[in-house]
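Only one structure is covered here, and it is reproduced in the block below.
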């Protein structure tokens with residue numbers, strides 16, 4: 001290879017390296033949400049994703065519905081939906097009962113939850129790298145969405161919005177390692193922070209060693225932090241470990257939502273919380 | 001021009017596979033990084049410079065799903081392309097065995113980078129253990145599937161080059 005050609009390829013390599021470095025740096029220090037280029041990429045690719053996802057879902061439904069167990073599949077789906085609805089109702093009643101016992105103002109509490117406007121959205125796609133737990137939905141700023149709005153489903157909390165373009169929005173799932181939600185154990189009212197562990201599991205951190213937490217307990221949102229409304233189901237306690245000489249117990253939680261079958265979500269339409277400037281940097285890292 | 005369109009189409013297909021099909025069909029451990037295979041293939045066939053351009057493009061696409069404050073796509077794919085171009089000249093990367101090792105090492109590099117990012121984000125140890133398990137699976141899967149896909153892409157490229165241009169049809 002001639003020297004000039006070798007030099008040119010080295011210079012090009014350095015140029016591309018600097019470009020990649022600046023793109024990475026821009027991503028790390030992005031002020032909030034999606035950058036202009038990201039929003040443009042999302043707007044370009046998401047419509048195709050939406051169509052392909054629709055085709056995949058339709059083919060999947062046809063396969064499951066007709067080539068599989070036709071009647072059983074349909075009945076199973078109905079029963080699943082019914083169980084989910086009953087669970088949601090049971091959760092509401094249980095929460096209302098406990099609130100009654102503690103002589104709280106039930107009416108105000110209920111109103112604060114039910115009167116919140118919800119917007120349905122369809123799931124368009126997931127994180128391309130596969131390492132993070134995020135998804136893309138087909139609603140954006142033109143539908144009134146903003147950063148840090150809560151995303152729920154009939155089964156419970158899904159996550160929160162971390163980036164919004166005009167027609168699409170990115171959701172950080174509670175499963176993601178960057179997610180943190182202030183939570184309560186419904187039965188004992190023990191408090192903790194629910195953080196994602198990545199693969200279908202979460203961990204309830206900072207639960208005091210002497211707090212009463214048992215396997216099977218329901219974990220709900222505490223309403224603190226201003227992102228999630230209070231009392232929405234997060235998941236169920238799967239494992240509790242109390243080590244010697246430690247301040248906190250290890251609590252593993254299985255999320256209430258089956259993320260592998262998530263097709264539609266609801267966005268809680270309310271103004272996102274306003275944080276003081278010093279908190280913004282911390283929030284960007286995913287603490288909700 | 002046809003090659004550019006082909007690569008844009010392949011990138012879009014890889015993006016759709018990774019954002020729609022794989023998450024619905026396969027567990028996280030069985031996800032193949034199609035972007036990596038595409039970038040490496042472009043480097044083998046068209047040289048480092050075109051490989052770098054594609055690396056930047058797939059890097060940006062790959063970062064679309066990441067949470068705020070996290071980003072490594074363009075840099076990672078660029079390093080992979082750089083290594084591929086250097087090794088292509090100095091090693092026999094046409095051998096499937098070497099290709100498998102190379103793609104496995106790239107995936108390991110990605111996992112290592114991600115581990116560093118997670119450490120800075122104070123990830124739970126259980127989550128990191130899960131990630132390590134997934135990483136081992138991904139290395140194995142990419143080492144098996146990667147060379148096969150590279151070979152398929154080579155064939156596609158050869159077919160695209162030998163097939164007559166639409167204008168030639170008109171002339172003929």
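Values in this text are rule-based calculations from the coordinates and carry no lab data. Values in this document were obtained by computation on a predicted structure and should not be read as measured data. Ideal geometry is used to build each Cβ from the backbone, glycine not excepted, and the neighbour counts take in all protein chains shown.
Computed quantities for the displayed model
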| item | result |
| --- | --- |
| Mean separation of Cα contacts under 8 Å, 6 or more apart, over the residue count of the range A:33-271: relative contact order % | 18 |
| Helical mean residue ellipticity (222 nm; -39500 (n - 2.57) per DSSP H run of 4+; nearest 500) of the protein assembly as shown | -17500 deg cm²/dmol |
| Chain B: relative contact order in percent, alpha carbon pairs under 8 Å with at least 6 residues between | 24 |
| Sites residue A:25 and residue A:94, calculated FRET efficiency, Cβ-Cβ separation with R0 41 Å, nearest 0.05 | 0.25 |
| Separation in nanometres of the label points that stand 7 Å from Cα toward Cβ, at residue A:189 and residue A:79 | 3.8 |
| Order of A:123, B:20 - criterion: other Cβ atoms within 10 Å of each residue's Cβ, fewest first | A:123, B:20 |
| Taking B:3, B:162 and counting other C-beta atoms within 10 Å, the order from fewest to most | B:162, B:3 |
| Ranked A:174, B:144, criterion: other C-beta atoms within 10 Å, fewest first | B:144, A:174 |
| Relative contact order for the range B:11-88, counting Cα pairs under 8 Å that sit 6 or more residues apart, in percent | 29 |
| Selected from B:21, B:108, B:93 as most flexible by GNM, with chain B as the system and alpha-carbon contacts under 10 Å | B:21 |
| FRET efficiency, residue A:142 to residue A:246 (Cβ-Cβ, R0 56 Å, nearest 0.05) | 0.70 |
